[in-house]
Structure formats: C-alpha cells, structure tokens
Amino acid sequence: MDKSSTLPAAVTASELDELRTLIEERSAIFFDASRERFFAPRVNEYLRASGEQNAATLLRRIRNSNVEYDRFLGSLLTQETSFFRYPDIFQALERVVLPEVQARNMWRNPRVLRIWSAGCSTGEEAYSIAITLSDTLPFPDAWQIEILATDISRDALQLAERGVYAGRSLASVTPLQLQTHFKKIGDSWEVKPRLRKMISFVQMNLARSVYVGRMDCIFCMNVLMYFSEERRNELLQRFYDTLEPGGLFFLGHSESMKTAPVKFETAVHGDCQYYVRPSASKTELKPAALGNGS
C-alpha cells in the first residue's frame, strides 16, 4: 500500500485562517504575515502527528479540549532556549540589578527579592536567574527569594518543574555551577532542591490580567513578538505597573519600546540594553523643579 495515501490532506488557507482566529480569541497571540513561512508547516506537521485525516476533525478536537489546544499552541511557539542564553543580561542582573535591590531592600523585614520570568518556556531562564542570585548574593539565605516563572504551555512547564537538562542546553553552565547546583543523573543533570524552592512555575496567559504583586525585576524575552501592537502596549503598561519604582525590565534583543505607552528609562550595561521604571524620588523631583521656576 502507498504510504502517501494514508497521509492527511494539507491544511487549506481558510482552515489556517480559522486556526489563527481561534488562537487570537483564546490567547491573544497573533500569527501575522511575517510568521506565515513557519505557521502553515507547523500546523501541517501537528496534523500529521495527530493521526487525524483532515484539519476539520483536528479543529474540532482543539476547540473541545483545553489540553489539546494547549499542546497545539505549544507546538507553534518557539521553545528553543538554554541556560544563560544572553550572557550580557545575566551580567547586568549580577552587577546592576542585585546591588540596587540589595541597597533598596537591605533594611526591610523580611528582605524580599521578587523576579518574574514571563514566558519561561522549559525553565532554563528561571533557573539561570536562581543560579545568578545564589552565586551573587553574599547571604542568599537571609533573603526571601521569589522567582515567578510563567508560561502559556503546560507541556513546557512540566519539563521546567522536572528540572532535568542535558546537551546544548547546559553549554554555558560552568563546571563549578554544575557541581554546585545540579545532580548528575546518567547523561543528564537535575536541578538541586535548594535552587528549585526559589521558583514557582505557573501556567499563565499573559493576555489575561492576573495580579502577581510587585516585582523588583521582570524578564520578558522574545515573548511580545507574538502579540499585536495594541496587545504589546497593554502588556508593557502592566509590566510597568508591576515593577517596584527603580525596578528593571529586560526585553529580547529583537524587541523594542518604540511604541510603548509608558515612560521607562533606557539604560545600558556592556552590550545589554534594559529598561528602568523611574524611582519615586525622580518622579517627585519634576513638580518641585517646576514650582521653583515660577
């Protein structure tokens, strides 16, 4: 029997449009024309793997099952990541963010340090943050460290919670960091409990407003590119409002603040550009300066 006769028919243009609309309605993620070159191939690949013979039956499955929908959406989103993927950003975290947070929170009781990894994928970014905190803070146990790691993909979060990694994912982890923060299991490395307890992995659709409390620092790397400009601006406003005054915000290298409705200050450390929510003291100086000039 010719194997090709058992393959499902390719997804039609109208079916692709229907899937795009479904994703935008449920998750506010927008696959525009710039992503057309990989959208259709990935949908067809998912259709072949699903065992369905046509897109109409697959679409019904996706509509009727949240688990199927999550799995389908996860297959369309880029999950490629690794530990310390952008070294300059983690250098800025070590040399800029942590000294500033230490100075601001040193005399608070409890000493709380809160960081949000928004779009954490399979967990490498969140664990890289935890390693940096553990290696940099003089007395990490004296701090109440809370790393919130969120992602829309349930499958990605399950891998993150498992905390077992191998191969290229660990290429930028030093031998000392491996020995300190991981346990060898066969050809893989498992994150040790001390690091795990710093992180809460939570499934979250960023398009739905959820109160997460104030943050000292937010990482949102290569996530906003999946949203329309209007939705991106809404999210940037939320991130701004969530940050403590003086808090720092990291975006992916290919993303920009050009149309942002909020007034972040831009800063640079080495080759890393990042953004700062102005501190309360700076905000308060502006009216005073105007008053003195009258």
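Conditions (1) over 30 Å from Y69 (Cα atoms); (2) surrounded by fewer than 17 Cβ atoms within 10 Å (Cβ to Cβ), marked per residue:
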residue	(1), (2)
L206	no, no
E230	no, yes
L236	no, no
L248	yes, no
H253	no, yes
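The set of residues from the stretch 77-122 being buried (at least 22 other Cβ atoms within 10 Å of the Cβ) and part of a helix (DSSP H, G or I) comprises I89, F90, A92, L93, V97, V101. Look at the stretch 264-275: where a residue is closer than 14 Å to C220 by Cβ and a partner is basic (K, R) and open to solvent by less than 70 Å² (accessible area, probe 1.4 Å), sitting 6+ places away or on another chain with Cβ atoms under 9 Å, you get F264/R277.
Summed over the stretch 49-76, the residues that are under 26 Å from A160 (Cβ atoms), polar (S, T, N, Q), part of a helix (DSSP H, G or I) and out of contact with any helix residue (DSSP H, G or I) (no Cβ under 8 Å at 6 or more places or on another chain) give a count of 1. The set of residues from the stretch 27-67 being within 21 Å of L235 (Cβ to Cβ), surrounded by fewer than 18 Cβ atoms within 10 Å (Cβ to Cβ) and not polar (S, T, N, Q) comprises F30, D32, R35. For the stretch 162-188, the set of residues classified as in contact with a Lys or Arg (Cβ under 7 Å, 6 or more places away or on another chain) and open to solvent by less than 80 Å² (accessible area, probe 1.4 Å) consists of G163, H181, F182, listed by residue number. Filtered by the rule that a residue be surrounded by 12 or more Cβ atoms within 10 Å (Cβ to Cβ) and not basic (K, R), the stretch 266-277 gives A267, H269, G270, D271, C272, Q273, Y274, Y275, V276.
So in the stretch 123-161, with the set limited to residues that are among the polar types (S, T, N, Q) and open to solvent by 20 Å² or more (accessible area, probe 1.4 Å), which one is nearest to the chain's Cα centre (by Cα)?
Going through the qualifying residues, I end up with Q158.
Inside the stretch 82-97, residues that are of a type in the set (D, E) and either out of contact with any Cys (no Cβ under 8 Å at 6 or more places or on another chain) or under 15 Å from L113 (Cβ atoms) (or both) make up a count of 1. Considering K192, K197, the condition of being touching a His at 6+ places or on another chain (Cβ under 6 Å) and free of Cβ contacts under 8 Å to residues at least 40 places away in the same chain is satisfied by K192 alone.
Looking only at the stretch 217-228, residues that are open to solvent by 10 Å² or more (accessible area, probe 1.4 Å) and touching a residue at least 40 places away in the same chain (Cβ under 8 Å) come to 6 in all. Look at the stretch 154-172: where a residue is outside any helix (DSSP H, G or I) and a partner is of a type in the set (S, T, Y), sitting 6+ places away or on another chain with Cβ atoms under 6 Å, you get V164/S188; A166/S188.
The values are calculated or read from the model by the stated rules, or taken from the named source; none is laboratory data. Remember, predicted model here, so these are calculated numbers, not experimental data. In this analysis, Cβ positions are derived from the backbone assuming ideal geometry, glycine residues included, and neighbour counts consider all displayed protein chains. Surface areas here come from the heavy atoms of the whole protein model, side chains and all, with no ligands, DNA or RNA. Shrake-Rupley method; radii C 1.70, N 1.55, O 1.52, S 1.80 Å.
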